[in-house]
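One structure below.
The values are calculated or read from the model by the stated rules, or taken from the named source; none is laboratory data. No experiment lies behind these values; they were computed from the predicted model shown. For neighbour counting, all protein chains shown are included, and Cβ atoms are generated from backbone atoms with ideal geometry for every residue, glycine included. Areas reflect the complete protein model, heavy atoms only, side chains present, ligands, DNA and RNA absent. Shrake-Rupley method; radii C 1.70, N 1.55, O 1.52, S 1.80 Å.
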Amino acid sequence: MTTTGLAPRSNIWQSRRFRDAIVAYAFILPWVIGFILFVGGPIVASFVLSFFRWKMIAPPRFYGLTHYISMVTTDELFRISIWVTFKFVIISVPVSQVLALGLALLLNQRIRGLGFWRSAFYLPAVVSGVAGSIIWVWMYHVELGIVNNGLALMGLEGRNWLYDRELVLGSLIVKSLWNVGIPMVIYLAALQGMPQQLYEAADIDGSGEVSKFFAITLPMLSPAIFFNIVMGIIASVQTFAEPYVMTGGGPDNATLFLGLHLYQNAFHYLKMGYASAMAWIMFLLIFGLTVFQFGLAGRWVYYEGGAR
Amino acid sequence: MTQRESLSRRTFLKVSGTFAGAAVAAACAPVAAPADDGAMGEGAMAEPVTIRYGRHDPAAGVATTLESFQEEYPDIVVSVEQIGEFHAKIPALAAAGTLPDVVRSWEAMALDLGRNNQFIDIQPYVDGEPGYDADDFYENWWNYPVVEGKRFGIPDAAAPHITFYNADLFDAAGVEYPNKDSFTWTDFEEKARGISDPDNKIWGSETIPVGWHMYSVKQAWQNGGSYYSPDFRECWLDKEETIQAIQFWADMLLDGNVMPSPSQIVGIGGAGAAAELLAAGKIGMQRMGSWITGSLVDAGFRFNVVAEPSQARRDTITHGAFNNISTTSENKDTAWIWLNYNTSTQGIYNYASNANFPGTRRSSNEIEPFPWVAEVDFEVDWDVVPDALTYGHILPGPANEGEALKLIGDALDKVYSGNAQAADIFPEVAPKVTAVISDV
């Protein structure tokens with residue numbers, strides 16, 4: 001029998017490693033097919049469509065960069081939607097993080113009915129955005145809502161929370177805090193994994209609660225804070241259900257979020273190419289913000305056992 | 001003891017490959033080819049032909065017609081598809097080339113799909129139908145879906161806006177009922193002021209549902225104005241008549257002693273909530289579609305109807321839908337048989353009686369019992385309802401309607417909230433709207 005430097009070709013096909021790979025790929029194939037058809041395909045399609053004018057009921061026409069240019073030069077509503085979204089993100093994300101952390105610290109105490117309180121604060125997070133928004137429409141109702149009726153009990157005058165241009169964005173920000181249970185659970189998990197020896201050492205050194213919080217708890221929580229902020233910003237930029245259900249973008253476009261403006265262009269005005277271009281701008285916005293945060297993370301996020 | 005056999009990789013791959021192949025083959029298999037359409041009209045066919053009939057409302061509306069149709073045409077199967085999210089899914093189906101054979105589309109949608117070759121011109125079918133009585137249709141309805149000589153639909157039922165009033169509230173306030181023969185905007189305002197008692201949450205008029213543009217459209221018409229030119233290529237929002245009309249009603253809305261504020265209405269369900277307030281006995285007059293009659297029957301007060309108040313001319317808005325044949329239908333002749341049957345005198349009556357609307361055919365409205373008449377133990381001028389079809393107009397149908405309405409709606413928002421005057425903002429908006437709707 002003669003041998004050569006190369007293994008016979010048939011051995012590659014019959015090798016255990018190759019067969020293992022085939023089995024592995026066979027297992028992930030359904031997901032890959034699903035991804036290509038329902039995620040990857042539409043992503044590519046939306047990029048291509050962003051250079052076309054397509055009303056759906058007529059064949060697409062090549063438009064070049066017109067959509068991207070007109071978005072920043074002539075679409076006043078696009079500028080409004082960016083500004084509305086920016087204001088929402090810049091307020092709702094920090095406030096929700098502070099609130100979530102505060103709740104997590106409280107729910108990390110040994111108190112009676114802890115399970116109930118944890119469930120109660122997390123419960124709104126499992127309610128769908130649409131259902132939650134409808135509940136809040138009623139809560140904010142001028143005459144029948146619990147908010148104004150609660151204020152009346154305290155002798156305060158109610159306001160027109162969803163139809164007053166000055167108040168409406170704040171009303172949606174307050175509603176967004178309803179979902180604070182999600183970052184709260186992450187903070188709670190991080191708090192429960194906190195190494196106790198650090199606190200014991202601090203106790204021996206005579207540290208107070210406040211200094212322990214700032215010197216131990218916060219730095220040790222920084223990866224969770226970073227994660228929650230990244231996710232919070234992504235979710236906030238994509239805000240859609242609340243303005244869609246609660247305000248329709250009004251009054252006077254005061255809640256015309258980027259996501260809603262995109263949706264209206266796609267499904268109300270049938271400007272699929274333009275909406276696709278807007279989707280890519282939204283993606284670039286989120287991508288840029290995320291990269292920016294990762295760039296800053298090295299300065300303040302502390303990973304135990306790792307470099308800062 | 002039996003030993004479980006392990007699944008070998010080879011067997012696993014064979015089995016999974018077989019399933020995957022079968023699934024892909026099943027997914028990619030073409031829909032069974034329809035029977036040859038040419039056999040229609042020659043009596044019995046070899047195989048039944050299935051016609052897909054897409055509509056936004058429930059199939060129950062055509063159940064009676066469908067039953068008699070199936071008896072008369074056993075070889076044609078009509079599959080009714082209720083399509084939710086109609087405004088978005090119909091264009092998506094058009095893009096995919098899978099529109100139902102017959103589509104019952106909204107007003108502007110019918111024209112837009114027709115202009116873009118998604119619907120066929122069905123005038124040749126009409127012309128080829130012996131004894132087809134086009135004059136039986138109300139003129140506005142018959143002429144509406146015609147673009148450049150091509151017909152993109154046959155109407156069925158129509159819902160006109162009229163004025164409902166609570167006679168008991170009028171009596172309590174000592175205000176005379178609206179005059180059936182002459183009812184102007186000035187009359188409307190006077191009577192509404194006479195009834196309004198905001199401290200006790202009683203108003204003479206319903207509010208203007210700001211986001212529901214039909215209100216402003218009909219108000220413009222009643223003053224001799226219009227949103228658009230007759231061919232829908234130019235925005236006429238900046239015309240004096242339109243500006244005056246919108247400003248008149250905006251001033252009344254902002255007055256506070258004629259109608260409730262938008263916030264008190266919109267927060268509990270938009271225009272529909274206004275009807276609830278009427279049914280609750282809180283509102284003297286309600287200008288609304290004839291469909292709210294049902295909610296008033298058990299309201300516990302006497303009500304009556306009168307035409308919408310007029311200014312320069314008597315006018316109102318009517319809603320409805322048009323039945324069309326899609327370009328991609330492979331059974332157009334058969335589709336026409338169903339469409340024609342469904343929009344016949346009896347077909348329209350069947351649907352209208354289910355929806356409590358008048359039909360768009362005069363002959364349908366001569367069949368008793370009249371669909372728009374509700375059983376109450378007091379006199380109601382029911383003839384006002386079908387009469388509105390003789391002078392009312394149909395919702396405008398410009399190209400790119402959604403984007404146009406956004407521009408107009410934003411301007412209306414400002415006027416109705418008192419943040420702008422119509423005379424200032426409409427001339428700014430009109431050219432922008434014209435640019436949108438002229439881009440056909």
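Residues with beta-carbon under 12 Å from that of A:Ala202, excluding A:Ala202: net charge, scoring Lys, Arg +1 and Asp, Glu -1?
-3
At most 10 other Cβ atoms within 10 Å and a DSSP loop assignment: could you name the GluC sites (Glu not before Pro) in region B:336-427 that fit?
When the GluC sites (Glu not before Pro) of region B:336-427 are filtered for loop state and at most 10 Cβ neighbours within 10 Å, B:Glu375, B:Glu379 remain.
Might you report the magnitude of the Cβ-based charge dipole of the protein assembly as shown about its Cα centre, with Lys and Arg at +1 and Asp and Glu at -1, to the nearest 20 debye?
4980
Apply the Debye scattering formula to the protein assembly as shown, with a single equal point scatterer on each alpha-carbon and no solvent, then give log10 I(q)/I(0) at q = 0.06, 0.09 Å⁻¹.
Debye output, listed in q order: -0.51, -1.02.
Whole-Hz Karplus ³J(HN,Hα) for region B:323-337, in order, using 6.51 cos²θ - 1.76 cosθ + 1.60 and θ = phi - 60°, x for Gly and Pro?
After applying 6.51 cos²θ - 1.76 cosθ + 1.60, I find 9, 10, 10, 7, 4, 7, 4, 8, 10, 5, 5, 5, 4, 5, 4 Hz.
Tell me the Kirkwood radius of region B:362-440: reciprocal of the mean inverse pair distance over distinct alpha-carbon atoms, in Å.
Value: 16.3 Å, from the Cα pair sum.
Per-residue mean of other chain beta-carbon atoms within 10 angstrom of the beta-carbon, peptide A:262-270?
5
Taking chain A as a Gaussian network, Cα atoms linked when under 10 Å apart, which of A:Ser133, A:Ser207, A:Ser96 shows the biggest mean-square fluctuation?
A:Ser207
Once amide H atoms are built 1.01 Å from N in the peptide plane, which residues 5 or more positions from B:Val77, or in another chain, come under 5 Å H to H?
Residues meeting the amide H criterion: B:Val49, B:Thr50, B:Ile51.
Compare A:Arg110, B:Arg302 by solvent-accessible area with a 1.4 Å probe and give them largest first, with all protein chains kept in place.
So the residues, ranked largest to smallest area, are A:Arg110, B:Arg302.
Can you put A:Thr73, B:Thr327, B:Thr316 in order of accessible area, largest first, using a 1.4 Å probe?
Final ranking, largest accessible area leading: A:Thr73, B:Thr327, B:Thr316.
Between their Cα atoms, which of B:Lys89/B:Lys432; B:Lys201/B:Lys414; A:Lys87/A:Lys271; B:Lys150/B:Lys218; B:Lys239/B:Lys432 are more than 22 Å away from each other?
B:Lys89/B:Lys432; B:Lys201/B:Lys414; A:Lys87/A:Lys271; B:Lys150/B:Lys218
Hey, what number do you get for chain B at 222 nm if only DSSP H runs of n ≥ 4 count, each worth -39500 (n - 2.57), divided across all residues, to the nearest 500?
-12500 deg cm²/dmol
Restrict the search to region B:115-191; then list the chymotrypsin sites (Phe, Trp or Tyr not before Pro) that DSSP places in a loop and that have at most 15 other Cβ atoms within 10 Å of their Cβ.
Of the chymotrypsin sites (Phe, Trp or Tyr not before Pro), the ones in loops of region B:115-191 whose Cβ has at most 15 other Cβ atoms within 10 Å are B:Tyr132.
Compute a Gaussian network model of chain A, connecting alpha carbons closer than 10 Å, and tell me which residue from A:Ile43, A:Ile33, A:Ile146 fluctuates the most.
A:Ile33
Work out which residues of region B:384-413 lose at minimum 20 square angstrom of accessible surface when the other protein chains are put back, relative to the chain isolated, with a 1.4 angstrom probe, and list them by number.
Buried by the other chains: B:Asn400, B:Gly402, B:Glu403, B:Lys406, B:Asp410, B:Asp413.
Return the residues of region B:91-116 for which accessible area with all protein chains present is lower than in the chain on its own by 20 Å² or more; set the probe to 1.4 Å and exclude ligands, DNA and RNA.
B:Pro91, B:Ala95, B:Asp112, B:Asn116
Which whole-Hz ³J(HN,Hα) couplings does region B:90-99 yield from phi under the Karplus relation 6.51 cos²θ - 1.76 cosθ + 1.60, θ = phi - 60°, glycine and proline marked x?
5, x, 5, 5, 5, 4, 7, x, 10, 4
Restricting things to Cα coordinates, could you compute the convex hull volume per residue of chain B in Å³?
Per-residue hull volume (Cα only) is 236 Å³.
What does region A:9-49 give for Rg and for Dmax, in Å, if only its C-alpha atoms count?
Using the Cα atoms of region A:9-49, the pair Rg, Dmax is 15.6, 46 Å.
With a 1.4 Å probe and every protein chain left in place, work out the accessible area per residue of chain A in Å², rounded to a whole number.
It amounts to 58 Å² per residue over chain A.
Under a crude label model (7 Å from the Cα following the beta-carbon direction), how far is B:Glu190 from A:Thr66 in nanometres?
Label at B:Glu190, label at A:Thr66, 5.5 nm between them.
Taking DSSP loops as anything outside H, G, I, E and B, show the longest stretch in chain A free of GluC sites (Glu not before Pro) there with at most 16 other beta carbons within 10 Å.
Formally, the longest exposed-site-free interval is A:1-142.
Sort A:Ile173, A:Ile134 by heavy-atom solvent-accessible area, probe 1.4 angstrom, most to least.
Highest to lowest solvent-accessible surface, that is A:Ile134, A:Ile173.
May I ask for the accessible area buried between chains A and B, both sides summed, probe 1.4 Å, to the nearest 100 Å²?
Result for this pair: about 2700 Å² buried.
So what is the calculated 222 nm ellipticity per residue for chain A, using -39500 (n - 2.57) for each DSSP H run with n of 4 or more, over all residues, to the nearest 500 deg cm²/dmol?
-20000 deg cm²/dmol
Rounded to whole Å, give me the distance from the Cα center of region B:379-440 to that of region A:102-166.
That distance is 38 Å.
How much of the accessible area of region A:9-49, probe 1.4 Å, is carbon plus sulfur, in whole percent?
75
Roll a 1.4 Å probe over the protein heavy atoms and report the accessible area of A:Leu218 in Å², nearest 10.
Per-residue accessible area (A:Leu218): approximately 50 Å².
Which whole-Hz couplings ³J(HN,Hα) result when phi for each residue of region A:172-178 is put into the Karplus expression 6.51 cos²θ - 1.76 cosθ + 1.60, θ = phi - 60°, listed in order with x for Gly and Pro?
My calculation for region A:172-178 gives 6, 5, 4, 4, 5, 5, 4 Hz in order.
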